[in-house]
Amino acid sequence: MERLQKVLAQAGVASRRKAEKLIVDGMVKVNGKVVTELGTKVTRADRVEVQGVELVKEQFVYYLLYKPRGYISTVSDEKGRKTVLDLLPMIEQRIFPVGRLDFDTSGIIIMTNDGDFSYLMTHPKFGIQKKYVAKVKGIPERDALKKLERGIELEDGMTAPARVKMQSFDKKTGTAIIEITIHEGRNRQVRRMFDAIGCPVQKLRRESFAMLTTSGLNAGEARELTTHEVKQLRVLAETGKIG
Ligand code: URA
């Protein structure tokens, strides 16, 4: 549900202020009825007309990007750093990243202009699993990994249960490679979880997002999600399983 004036502004009809005036002046119809109430909310299923012309709905687009390190996952940066948008083709739609990856984290990130989809993919209640591979300083004991698995106290509360697996370790360099799968997306969560067990992350990559991986892409490359993949992701968020 979006406010009517926002929908008009996003469709390029007029600025938000001018869109409000069009509504108040009785120039806008929703499903055939004139609406003058500014608080009115509409969905994509509603037919909106402005001065007799039906609004063209923005096409939803979905990209899967293999983010390299050194890019920020916002659409603009006040410090002038490169953003994930710099890696995608110029497209008409205003897309944004679904969740975020730190500047120094690489791996899979989805970009879309579909706000409802983004909510389904990121809100922890929908349980979409994201798998990370971390290279950490130190070789964590079993107990420490169990703590990460069960949930660990961070300054913004306990983390939800996670899946954790030691891939390998190297006694010479005193480092370990660990897989961790979580469905929350708090700020710098994985780094803070490893900090909490005294093994700071040296390198972090998001290897999968639900059933999606970066397979077939090099860092910095993107592809569109297929219609089937988008549907699968929705079903997964809404029912907890695919098929
Ligand atoms: N957790 C982090 O600490 N960083 C990321 O980029 C993603 C998850």
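The values are calculated or read from the model by the stated rules, or taken from the named source; none is laboratory data. Everything quoted here is computed from the prediction, not taken from an experiment. Note that we place each Cβ from the backbone using ideal geometry, even for glycine, and neighbour counts take in every protein chain shown. Surface areas here come from the heavy atoms of the whole protein model, side chains and all, with no ligands, DNA or RNA. Shrake-Rupley method; radii C 1.70, N 1.55, O 1.52, S 1.80 Å.
Here are a few things to note about the model shown:
- Test: residue in the range 223-242 that is among the hydrophobic types (A, V, I, L, M, F, W, C) and closer than 19 Å to R69 by Cα: no
- Number of positions in the range 188-210 that are open to solvent by 70 Å² or more (accessible area, probe 1.4 Å) and either of a type in the set (F, W, Y) or free of Cβ contacts under 8 Å to residues at least 60 places away in the same chain (or both): 1
- The listed residues are K41, K67, K146, and the only one of them that is closer than 28 Å to R192 by Cβ and open to solvent by 40 Å² or more (accessible area, probe 1.4 Å) turns out to be K146.
- Unmet requirement for I182, which otherwise passes all of (1) assigned by TED's automatic domain parsing to the domain that holds G70; (2) open to solvent by less than 60 Å² (accessible area, probe 1.4 Å); (3) closer than 23 Å to Y66 by Cβ: (1)
- In the range 50-64, residue nearest to G99 (Cα to Cα) [restricted to those that are over 22 Å from the mean Cα position of the chain (by Cα) and surrounded by 17 or more Cβ atoms within 10 Å (Cβ to Cβ)]: L55
- Residue count, the range 1-14 (criterion: part of a loop (DSSP other than H, G, I, E, B) and open to solvent by 60 Å² or more (accessible area, probe 1.4 Å)): 2
- Meets criteria (open to solvent by 40 Å² or more (accessible area, probe 1.4 Å), within 16 Å of the ligand (Cβ to nearest atom) and in contact (Cβ under 8 Å) with a residue 60 or more places away in the chain) for P124: yes
- Of all residues making up the range 105-124, the number that are under 20 Å from R69 (Cα atoms) and within 8 Å of the chain's Cα centre (by Cα): 3
- Search result, residues across the range 149-178 that are within 16 Å of the ligand (Cβ to nearest atom) and open to solvent by less than 30 Å² (accessible area, probe 1.4 Å): G151, I152, L154, G157, T159, A160, A162, V164, I178
- Residues that are hydrophobic (A, V, I, L, M, F, W, C), out of contact with any strand residue (DSSP E or B) (no Cβ under 6 Å at 6 or more places or on another chain), within 26 Å of T112 (Cα to Cα) and within 9 Å of the ligand (Cβ to nearest atom) within the range 187-224 are absent altogether.
- Of the residues examined, L55 is not one that is in contact (Cβ under 8 Å) with a residue 12 or more places away in the chain and within 22 Å of S208 (Cα to Cα).
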